[in-house]
Amino acid sequence: MAPMGIRLSPLGIAVFCLLGVGVIYHLYAGVLSSRFASFRLKRTVDLRDLLALSIEAAIQGGREVKRIREDNTLEEKSKGKTKEGASEKLTLGDLNSHRKMFYLIKNTYPYVQVNSEEHANAEGEATVWTRSISGDVLEKVSGGKEVPAEKVTVWIDPLDATQEYTENLRKYVTTMVCVAVDGNPVIGVIHKPFTGRTAWGFVGEGASLAPRASYNTNSPKVIVSRSHSGKVKGFVQAAFGNNTEIIPAGGAGYKVLALLDPIDEEQEKADIYIHVTYIKKWDICAGDAILRSLGGQMTTLKGEQIDYAGTEGNTGGLLASIQTDHKALAKRLPPWEENKQ
């Protein structure tokens, strides 16, 4: 209808109607645009979904690790020296696993911070998560645990124990994913590529494995890194006695699993895990989360919590235990200055 006092021809009426429709369209489009912008800014992540995605990423990376080792196409290189003076290895297994794991997570959640031990210059994988969630995760973890994406940091280790991988010591090798929220480890996944076993834990929700029935902290078995077992021997014996059994092993993931009920026949058993030198957070975050999900602890040698936001390194050493008085263990440790090694 034309405004009062104005008579329009049929053509004028048509133009008037079109103008009205155009105004309504632009108003409606503006509302939609505002809503979509609001949706994009929301950027939340459901932690149960991220657990399932982390499990899938660790498994996919593990397949590459296993395939390349079995094909003997490692293309081994050196990245330099570790803090202990050992050669730091890089293989095709590290790189291919990195691509699978990193891009699966980034393609699914592009706004989540992902830190990886390796960096591949080649084009990324086109993989996107299928959103499949396994039955044990659905059973133990309820949905609806959304957190803002900017609070989440994902740490991935595409191949833990690369030195042992090059030596064909397969039992030590793992792939790992950890999800930290506000710097606190919440989700941990450790996958063993050569046995196909996967361990996971979600703090406050559940885990796929359990602690052992008992632990001995009076005369403990202490698991340490093969790369510096000689240096740490006196440190451990000063705390727990000269007869303390020390288990040298490769891979931080393997060492954490040694504190728990074994997930395969290859796993050794220890009561305490100690590391006295610099270590990267992608090596330890997943194990820390799993231990926390089961009531255990992983701290610096002084008993301080480790922050998994910010820098990639932990310089305070490592003490990990479960079903023990962790603070009392930390007090038994002698002072350790890394620069006095």
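Output the residues belonging to region 277-295 that are open to solvent by 10 Å² or more (accessible area, probe 1.4 Å) and in a loop (DSSP other than H, G, I, E, B). Once the filter is applied, which keeps residues that are open to solvent by 10 Å² or more (accessible area, probe 1.4 Å) and in a loop (DSSP other than H, G, I, E, B), region 277-295 yields Tyr278, Leu294, Gly295.
Considering region 287-323, and only residues there that are in contact with a strand residue (DSSP E or B) (Cβ under 8 Å, 6 or more places away or on another chain) and of a type in the set (S, T, N, Q), the residue that is nearest to Asp160 (Cα to Cα) turns out to be Asn314. Taken over region 123-153, the criterion of being open to solvent by 50 Å² or more (accessible area, probe 1.4 Å) and either in a helix (DSSP H, G or I) or farther than 26 Å from Leu209 by Cα (or both) is satisfied by Glu123, Glu125, Ala126, Val128, Gly135, Asp136, Leu138, Glu139, Lys140, Glu150, Lys151. Contact annotation: residue pairs with Cβ atoms under 8 Å, 6 or more positions apart or on different chains, pairing a residue in region 304-317 that is touching a residue at least 40 places away in the same chain (Cβ under 8 Å) with a partner that is part of a loop (DSSP other than H, G, I, E, B) and aliphatic (A, V, I, L, M), are Gly317/Val276; Gly317/Leu301. Given the criteria within 14 Å of Ser225 (Cα to Cα), touching a residue at least 40 places away in the same chain (Cβ under 8 Å) and open to solvent by less than 60 Å² (accessible area, probe 1.4 Å), does Thr324 qualify? Criteria not met by Thr324. When Thr174 is evaluated against the numbered criteria (1) farther than 30 Å from Ser78 by Cβ; (2) among the hydroxyl-bearing types (Ser, Thr, Tyr); (3) buried (at least 18 other Cβ atoms within 10 Å of the Cβ), which criterion, by number, is the only one it fails? So Thr174 meets the others, but not (1).
The number of residues in region 78-105 that are modelled with pLDDT of 85 or more and either open to solvent by 50 Å² or more (accessible area, probe 1.4 Å) or in a helix (DSSP H, G or I) (or both) comes to 14. Against the definition (open to solvent by 10 Å² or more (accessible area, probe 1.4 Å) and closer than 21 Å to Val173 by Cα), how does Asp307 come out, yes or no? So Asp307 fails the test.
Select from region 213-257 the residues that are within 12 Å of His275 (Cβ to Cβ) and charged (D, E, K, R) and write down the one among them that is least open to solvent (accessible area, probe 1.4 Å). Across region 213-257, the extreme among qualifying residues is Lys255. So for region 220-232 (the condition being of a type in the set (A, V, I, L, M) and modelled with pLDDT under 95), does at least one residue qualify? Looking through region 220-232, at least one residue is of a type in the set (A, V, I, L, M) and modelled with pLDDT under 95.
The values are calculated or read from the model by the stated rules, or taken from the named source; none is laboratory data. Values in this document were obtained by computation on a predicted structure and should not be read as measured data. Every residue, glycine among them, receives a Cβ derived from its backbone with ideal geometry; neighbour counts consider all protein chains shown. The area values use the complete protein model at the heavy-atom level, side chains included, leaving out ligands, DNA and RNA. Shrake-Rupley method; radii C 1.70, N 1.55, O 1.52, S 1.80 Å.
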